Amino acid sequence: MFAGEPVGRLLETAEVDPDFALGYCLTGCSRRFGGVGPIHPRVSLELLAARARRSRLLPSEQAHIDAFETVAAGEFSRAGRMWDDILGDIPTI
């Protein structure tokens, strides 16, 4: 359960843990779903941070970065299908 501002908490955790790329995915997607544009500096920085950690992640986690990239590009329906595929393959991540 989050207390306070969840995006800030996720970013704090992601900055401390070099392998928590999904934190950047969550915050970036939250911004896009909330109406922030694809070229907003925070979305761009969060996408870069997630990509920079990609090589250290499991394939299922890498798939979340792929979906984040798709959301960042404005392809929300396609990203939803990607998340459906992720959940179909590994329902616990």
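Just so you know, all these numbers are worked out from the coordinates, no wet-lab data involved. Since this is a predicted model, take the numbers as computed values, not measurements. Glycine gets a Cβ as well: all are built from the backbone with ideal geometry, and neighbour counts include every protein chain shown.
Data for the structure
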item: ³J(HN,Hα), Karplus 6.51/-1.76/1.60, whole Hz, each residue of region 46-60, x for Gly, Pro; result: 5, 5, 4, 5, 5, 4, 5, 9, 3, 5, 8, 9, 5, x, 5
item: Region 20-33 - phi-based ³J(HN,Hα) in whole Hz, Karplus 6.51/-1.76/1.60, Gly and Pro as x; result: 8, 5, 5, x, 5, 4, 5, 5, x, 5, 4, 5, 5, 5
item: In region 1-40, the trypsin sites (Lys or Arg not before Pro) that fall in loop regions by DSSP, at most 13 other Cβ within 10 Å; result: none
item: Estimated inter-spin distance, Arg81 and Ser55, nm [label 7 Å along Cα→Cβ]; result: 3.1
item: Taking Glu12, Glu69, Glu46 and counting other C-beta atoms within 10 Å, the order from fewest to most; result: Glu12, Glu69, Glu46
item: Dipole magnitude of region 6-89 about its Cα centre (Cβ charges: Lys, Arg +1; Asp, Glu -1), debye to nearest 20; result: 260
item: Simple label model, 7 Å out from Cα along Cβ direction - Asp19 to Asp89, nm; result: 1.9
item: Among Val36, Ile86, Thr13 the positive-end extreme of the charge dipole of region 6-89 (Cβ point charges); result: Val36
